[in-house]
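Report on one structure; see the data block that follows.
Since every read-out is calculated from the coordinates, none of them should be taken as a lab result. Computed from a prediction, not measured in an experiment: that's the story for all the values here. Cβ: placed from backbone, ideal geometry, glycine included. Neighbour counts: every protein chain shown.
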Amino acid sequence: MTYNIAERQQLELGKMRSYDRIILLKPMEGKEVLSSTGKVDPRLFNGGNKLHGIYNVNTGLWELKVENGSIAGGLQGQFSDFERLLIHVTSYFNRRNIEVVGVQD
């Protein structure tokens with residue numbers, strides 16, 4: 001069966017919550033935020049900057065973006081599904097005393 005792009009996107013979106021998900025972060029209680037390359041952008045914690053998991057319909061892969069600035073080298077990459085992306089993000093930020101507190105569709 002052949003689908004046009006709009007139909008394909010609608011089918012894929014029916015299986016997913018959304019193509020753009022915001023990953024919510026906060027510093028761990030009583031611990032200092034760590035970074036090997038400088039400061040972690042504090043706007044990621046107060047809403048001034050947001051970390052997005054974006055699904056690319058052309059490649060079928062997920063990647064990370066921030067609204068302001070560039071993504072850290074350790075977060076660059078593509079993931080086959082959102083769960084793998086979230087596992088990677090959680091691991092990356094846990095090493096920096098930052099926790100993932102939720103995902104906003």
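Given the options 42, 25, 92, identify the residue whose Cα lies farthest towards the positive end of the charge dipole of the stretch 18-104 (+1 on Cβ of Lys, Arg; -1 on Cβ of Asp, Glu).
Looking along the dipole axis, the top candidate is 42.
Once the principal axes of the Cα atoms of the stretch 18-104 are found, what is the range along each, listed largest first in whole angstroms?
Principal axes ranked by extent give 41, 22, 22 Å for the Cα atoms.
Quick one: net charge of residue 62's neighbours, Cβ under 12 Å, K/R +1, D/E -1?
-1
Suppose the chain between residue 31 and residue 65 were pulled fully straight at 0.36 nm per residue; how much longer would it get relative to their current alpha carbon spacing?
9.7 nm
Could you calculate the FRET efficiency of residue 81 with residue 22 from 1/(1 + (r/R0)^6), where r is the beta carbon distance between them and R0 is 22 Å, rounded to 0.05?
Computed FRET efficiency for residue 81 and residue 22 comes out at 0.80.
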